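Taking it in order: structure first as structure tokens, then the write-up.
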Amino acid sequence: MTITEQDINITSTLLSREVTLTILKPEDSDIAEPLNLLLLNDGQELQNLGLKTTLETLYNSNRLKPVLIVAIHAGEDRLDEYGIAGKPDFKGRGAKADVYTQFIKEELLPQLEQLTGFSEFDTTAFAGFSLGGLSAFDIVWNNPLSFDKAGVFSGSFWWRGKDLAKGYTDADRLMHQVIRETKAKPGISAWLQTGTKDESSDRNKNGIIDAIDDTIDLIREMETKGFKRPEEIQYVELVGGTHDTATWGRAMAKFLVWAFGR
């Protein structure tokens, strides 16, 4: 199967900047069934992730349904645009996360038909890496009518409202708070990945790095809300996996088959 790749620039009034999108999709002649949609944060990393090669391998072994991928390149304000809408961290990072959510819902999604020729999708997912993974999860969690699935590679679930040196407790983790405060269980599912070498920090000295602890605790919060494993939550821990595009690229096939597999 041939995959086409195209860079498009759109002007975002909300973000006050040009946003570059890289669009990957099968050739129109290869699309014989409903398309799926994947939005991807940090779209500038596509080459480093080896995404096109992964897609070709999966398509050629008939393991993947056709997917339209819209990879959104991060701007200079990445540390402000990514995060949790309305909940900046203790340093004030993520102050524009609510505006970024608005950009996705009010500018990007409505323009997709004009940009790509497609508007109806079988499954719609949003994925990202590190802080972009936190952003994708937050957007999917809070917009279950727009998205079915979240993919999070080494998500920044440490995102906290209080400095470690100023009386921090695990209750200060902001995404965990959002889940606890959500009344009704959203109709979504999530795929979450960590690497055993994502970092070396171990706040509570339990012998498990924070990246894994924070993700496992997030899964527990989801289970408290009624989410079931493995039907609605898939957790992948890569032994020796590090916090970089090489590891995330290795994990990508697992995510794509989970989200859009045959």
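Matching residues to (1) in a loop (DSSP other than H, G, I, E, B); (2) within 24 Å of D89 (Cα to Cα):
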site	(1), (2)
F126	no, yes
A136	no, yes
A184	yes, no
G226	yes, no
G241	no, no
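Listed here are the residues, each with its yes/no results for (1) among the hydrophobic types (A, V, I, L, M, F, W, C); (2) part of a strand (DSSP E or B); (3) on the phi < 0 side of the Ramachandran plot.
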| position | (1), (2), (3) |
| --- | --- |
| L14 | yes, no, yes |
| L24 | yes, yes, yes |
| A32 | yes, no, yes |
| T54 | no, no, yes |
| T57 | no, no, yes |
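Across the stretch 32-44, which residue is modelled with the highest pLDDT among those that are more than 21 Å from T101 (Cβ to Cβ) and touching a Leu at 6+ places or on another chain (Cβ under 9 Å)?
Result: N36.
Residue by residue, here is whether (1) among the polar types (S, T, N, Q); (2) assigned to a helix (DSSP H, G or I) holds:
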position: A150; (1), (2): no, no
position: T215; (1), (2): yes, yes
position: Q234; (1), (2): yes, no
position: R250; (1), (2): no, yes
Checklist outcome for this item: Filter the stretch 195-239 for residues that are in contact with a strand residue (DSSP E or B) (Cβ under 8 Å, 6 or more places away or on another chain) and basic (K, R); the one that is nearest to W141 (Cα to Cα) is R229
Checklist entry - hydroxyl-bearing (S, T, Y) and either under 22 Å from R203 (Cα atoms) or surrounded by 20 or more Cβ atoms within 10 Å (Cβ to Cβ) (or both): does that describe S130? => result yes
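The values are calculated or read from the model by the stated rules, or taken from the named source; none is laboratory data. Keep in mind that this is a model prediction, so the values were computed, not measured. Because the Cβ atoms are built from the backbone with ideal geometry, glycine has one as well, and the counts that use them run over all protein chains shown.
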